[in-house]
Structures are given as structure tokens and as C-alpha cells.
Amino acid sequence: MDILSSQIVTDRISELPDEILVDCLSLLDMKSTAQTSIISRRWRYLWTHLSTLDFDPELTYPEEFETFSKNEKYETTKYFAWINQVVSVHRGTSIDKFRVHSRYVTSYATQLDKWVQFAFSKRVKELVLNLIGINLICIDHSEKGYPLGFETLRYPPCYTGITAIQSLHLCYVNVSDEFLEFLMSHCHHLERLYLQAIPLSNLKVKSSKLKYLSIVMCFSDLEELEIDAENLLYFLYDDAKREGGPHMVFRCVPKLVETDFRGGLCQFPFPIFEKLSLFSGQLCKLSLDIDPNWKTYETDLAIPEGVIPSFPNLKQFTCTTICYDSSCILALKRFIEACPNLEELKMQIIYMQNDGYCEADVLREIDLDENLQPEINFSSGHDMEIGHVPDTVTGNMNEEKSSHQNLRILEVVGFLGVECDTRLILAIINYACSLKTVICDPQGIRYSHTPFDNFTDAPNEHDAAKRRARQLAKIVEPKVKVVVI
């Protein structure tokens with residue numbers, strides 16, 4: 001009986017329509033999907049109809065991902081061959097996503113041309129060419145990256161297929177300003193554009209459909225950027241400059257509600273605020289990577305009064321800053337005052353340790369007295385031994401007329417429990433009368449020995465920082481809840 005029953009058992013999965021089976025396969029990574037061809041004759045070619053072709057070595061070969069980005073021979077013989085094989089047997093009529101993540105190898109530019117032509121001829125909706133490898137440090141700045149231009153589109157199906165693209169992500173690809181402008185004018189459904197390590201000079205972004213625009217670490221000198229995008233919702237700009245930035249013109253951005261700025265525009269004397277003043281009234285979410293001028297670290301660190309525009313509708317603000325001394329409290333207070341409806345504030349603090357640029361008290365641990373009352377009055381002077389903070393910071397922080405009514409959540413990433421961040425938290429608790437939660441996250445603790453060094457993590461400080469955060473909680477609770485991550 002058991003033998004008879006086993007003979008009539010059917011494979012219910014294989015009875016499903018091809019369309020459903022292909023959808024199921026799309027949930028797997030490329031390597032696992034190809035392996036399903038051995039299940040049965042019915043399954044042999046199903047994977048060749050996939051609409052998502054994500055050639056991500058980190059997912060497919062996680063144990064070998066680092067080799068992919070450092071060993072040119074390994075890349076060219078295995079990774080490129082893998083993509084060529086899939087492209088040659090693909091039978092689908094269209095592609096939703098085509099993604100390549102590999103360090104660019106000059107001798108294989110022709111291969112990349114064929115892949116791009118293949119993707120466009122299949123009317124790809126999302127194209128990702130990430131040719132940086134593990135990180136930006138791996139690339140050769142003497143090169144300009146993979147050359148993508150009008151020659152690549154001469155293949156007729158490729159030229160007509162570009163109109164279907166909705167998302168374009170280019171990293172370390174040598175494209176001209178003219179070619180990008182051509183794509184934006186012909187890709188009528190393009191909603192997302194991400195550019196990283198692209199040799200830009202004078203770019204005009206004009207699109208009626210574009211919603212998300214990111215320009216990151218374009219290491220050549222971008223002199224002018226003009227944006228005319230009536231449906232743009234999000235804009236990220238991050239350059240490698242130490243001072244200044246490109247001339248930016250915002251022609252038409254009536255729906256822009258979220259921005260993220262890093263690099264030269266956010267350095268002293270903070271030209272970013274002049275740019276933001278053009279549309280500050282409509283922003284709901286803002287991220288800034290503020291880096292004061294390290295050469296004038298004493299008094300010029302504080303953002304000058306009157307520089308920050310008003311942000312009446314801003315709800316969320318994320319600020320990453322290098323901490324040189326306690327004057328960052330004054331700068332932050334001025335920004336909060338400009339955001340009357342701010343509800344969530346996130347601070348990422350990076351600490352300077354070089355004696356030439358950092359006050360010693362900034363990294364000095366504070367002896368918190370557990371018997372202190374939650375309401376700490378800075379202006380009256382407290383017997384808590386903490387370093388000097390300018391009177392302009394402490395004088396008006398507790399006056400009712402200058403209190404903030406809507407700030408509910410404060411998150412400090414890189415919390416150490418030392419002079420700078422503890423003083424900052426206590427000041428905001430007194431200043432923001434509606435504050436309910438303070439999140440202390442020591443996981444992001446980072447140091448910089450000089451203004452231009454790479455930042456390094458400090459895992460040994462995590463336990464000590466958590467202990468100090470719990471001490472802080474005993475002082476400020478129950479008025480404010482302290483969450484230690």
C-alpha cells in the first residue's frame with residue numbers, strides 16, 4: 001500500500017504555471033536560482049526567464065566578496081564569465097532589474113557595453129552599475145571609470161529601450177554632462193538617479209518625473225549644478241571638497257521635502273545655509289554633515305547668528321559633526337530655534353583627539369551624582385565638575401521664552417558620556433520641554449586624530465559608555481526616558 005501511494009504522489013509545485021514559478025525563483029539569489037535547473041526537465045530553463053538579474057557577489061559568494069574587489073584575475077575569469085553565461089541564455093522579453101557590482105577592469109569595457117546594450121534592449125526598469133568594488137578607496141582616480149556614452153546606444157533595440165528605465169544607479173562610470181542630460185530628456189519614466197564617482201563639470205538636471213536625486217563623491221570639479229525637477233522629493237549631495245562647493249541653482253523644486261548635504265558646502269563658513277534658504281520652508285527632513293573649519297577651532301566653530309534660515313515645517317533633523325569643543329552646543333541651540341516644529345533630533349558625534357585641535361575637557365569623563373535632581377540649571381552654576389561652557393550657551397537655555405515646544409526624541413550616536421555629549425544632552429533636556437526620550441548609542445563611537453585622518457571605531461569604549469548612560473538615566477528619569485542601545 002505504501003509503495004502504491006508513493007507512485008501516485010505528484011509534484012504539486014511543478015504543476016503551477018510558469019509565471020508563478022518564475023516569481024518564486026525571483027526570491028532567490030542568482031546562484032541558487034540557476035541550481036534549480038537540476039530539479040527536473042520542467043525546471044531546466046525556468047530561471048532563464050527571470051526579470052531580476054542581480055549579480056551581487058556579496059550575496060552569491062559572500063565568503064569571496066573581498067577577493068572580488070581586490071583580485072583582478074579572479075574577477076575577470078569568474079565573475080564576468082558568470083554574467084556572460086546568464087546574459088547569453090536569458091529568454092525573458094523584459095527585465096525589471098539588472099545589477100552589476102564589481103571593481104572596474106579597463107580591458108573589459110567591451111563586455112560592459114554588451115551588458116548595458118542587453119539590459120536596455122530588454123527594456124530594463126532599474127539599471128545598477130556599481131564598478132567601485134568594496135569602497136571608493138579601491139578605485140584608480142587617474143582613470144575616469146567605465147566609458148558609457150552615445151556609442152553604446154547605437155544598437156537600435158538599446159536606443160529605443162532606454163525609455164522604459166525608472167531607476168539609474170551609476171558608480172565609477174565615465175559619462176559626460178551632455179549624455180546624462182540626454183538620458184534625462186529621453187527617459188520619460190526616470191524617477192531615481194544616483195551618481196557616484198562621476199566626472200561631472202556643469203550638469204543640468206531637468207526632468208518632470210525625477211523624484212530622487214543623489215550626487216556622491218564626484219571627485220572632479222563640479223563647477224555648476226542646476227536642478228529643474230518639479231516632482232523632486234529627495235536630494236543628496238556629498239562631495240570630496242574641503243571648502244566651498246559648486247554653484248547650485250534650484251530652478252523649480254516645489255515638492256522637495258528631504259535633503260542630505262555633506263562635504264564642502266557644510267564646512268565653515270557654511271555656504272549650505274544660503275542654498276537651503278531657497279526652499280527651507282518646505283523641508284520636512286534634513287541631514288547635514290557639519291564640519292567647522294579646523295584652522296579656526298576656537299571661536300569660529302559656532303555657526304554665526306543669523307546664518308541659519310527658518311525651517312517652519314522641519315520634523316526630523318540628523319546632524320553629523322566633529323566635536324572640537326563645547327561650543328557645538330551653541331550651534332545646535334541656534335539650529336533648533338530655527339525649527340519650531342522639530343520632533344526628532346539625531347546627532348552623530350565624531351571626537352577629535354589631537355591636542356592641537358581639541359579641548360582636553362571635551363573627552364574628560366563627568367562624575368555624575370546620582371542624587372542630582374532631573375531639572376539641572378546651567379545658568380545658576382552647578383557643583384557638578386564639568387568643563388567650561390560659554391555663558392551664551394548656558395545663560396538662556398532654561399528660560400521659558402526660549403524653550404522648544406515640540407522636540408520629543410533625541411538620539412546621540414557615538415555617545416561616550418564625556419564633557420561634550422553629556423553637556424549637550426542635559427542642555428537639550430532643559431531646553432525642550434516636550435522631550436520624552438533620549439537614545440544613547442555608543443555603537444557609533446568614532447575618533448579622528450587629525451582633521452583629515454580616516455575615522456576609526458572604538459569598541460573598547462562601548463561598555464564604559466553604556467555605564468555612563470545608565471548613570472545619566474538615574475538623574476533625568478522619570479522626566480525623560482533614557483534608552484541605551
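Among the numbered conditions (1) of a type in the set (A, V, I, L, M, F, W, C); (2) part of a strand (DSSP E or B); (3) modelled with pLDDT under 85; (4) touching a Leu at 6+ places or on another chain (Cβ under 6 Å), the only one that A302 does not meet is (2).
Hey, among I132, I95, I83, I139, which residue is closer than 30 Å to S185 by Cβ and at pLDDT below 65?
Working: I132 fails: at pLDDT below 65; I95 fails: at pLDDT below 65; I83 fails: at pLDDT below 65.
The conditions single out I139.
Could you please find all residues in the range 216-236 being at pLDDT below 95 and either surrounded by 15 or more Cβ atoms within 10 Å (Cβ to Cβ) or not in a loop (DSSP other than H, G, I, E, B) (or both)?
At the first step, the residues of the range 216-236 found to be at pLDDT below 95 are 216-225.
Selection gives V216, M217, C218, F219, L222, E224, L225.
Under the condition of being modelled with pLDDT under 90 and touching a helix residue (DSSP H, G or I) at 6+ places or on another chain (Cβ under 9 Å), the residues counted in the range 332-349 number 6. Assess whether L153 counts as being assigned to a helix (DSSP H, G or I) and farther than 22 Å from G264 by Cα. When the stated conditions are applied, L153 passes them.
Could you check the range 249-275 and list, in sequence order, the residues that are crowded, with 20+ Cβ neighbours inside 10 Å and at pLDDT 95 or above? Selection gives V253, L256, T259. Cβ-Cβ distances below 6 Å connect the following pairs, each with a first residue in the range 423-443 that is more than 17 Å from E344 (Cβ to Cβ), a second residue that is of a type in the set (F, W, Y), and a separation of six or more residues or different chains: P442/F415. The number of residues in the range 157-191 being part of a strand (DSSP E or B) and surrounded by fewer than 17 Cβ atoms within 10 Å (Cβ to Cβ) comes to 0.
Of D291, D325, all but one fail to be of a type in the set (D, E, K, R), more than 23 Å from the chain's Cα centre (by Cα) and either under 29 Å from L426 (Cα atoms) or modelled with pLDDT of 75 or more (or both); the exception is D325.
The residues listed here are K241, K206; of these, the one that is over 16 Å from T259 (Cα atoms) and modelled with pLDDT of 90 or more is K206. Taking each residue of the range 254-269 that is over 21 Å from Q196 (Cα atoms) and looking for partners that are modelled with pLDDT of 80 or more and of a type in the set (D, E) with beta-carbon atoms closer than 8 Å, six or more apart or interchain, yields P254/E230; K255/E230.
Just need a number here: residues in the range 264-273 that are closer than 20 Å to K315 by Cα and over 19 Å from the mean Cα position of the chain (by Cα). Step through it out loud before you land on a result.
Applying the first criterion (closer than 20 Å to K315 by Cα) to the range 264-273 yields 272-273.
Checking which are over 19 Å from the mean Cα position of the chain (by Cα) leaves us with 273.
Here the count works out to 1.
Of all residues in the range 305-322, those satisfying the criterion of being among the hydrophobic types (A, V, I, L, M, F, W, C) and modelled with pLDDT under 95 are V307, I308, C319, I322. Kindly establish whether L213 is touching a helix residue (DSSP H, G or I) at 6+ places or on another chain (Cβ under 8 Å) and crowded, with 21+ Cβ neighbours inside 10 Å. Criteria not met by L213. Against the conditions (1) under 17 Å from the mean Cα position of the chain (by Cα); (2) assigned to a strand (DSSP E or B); (3) aliphatic (A, V, I, L, M), M248 satisfies every one except (1).
The values are calculated or read from the model by the stated rules, or taken from the named source; none is laboratory data. Treat the numbers as computed from the prediction; the structure is a model and nothing was measured. Quick reminder, even Gly has a Cβ in these numbers, built from the backbone with ideal geometry, and neighbours come from all protein chains shown.
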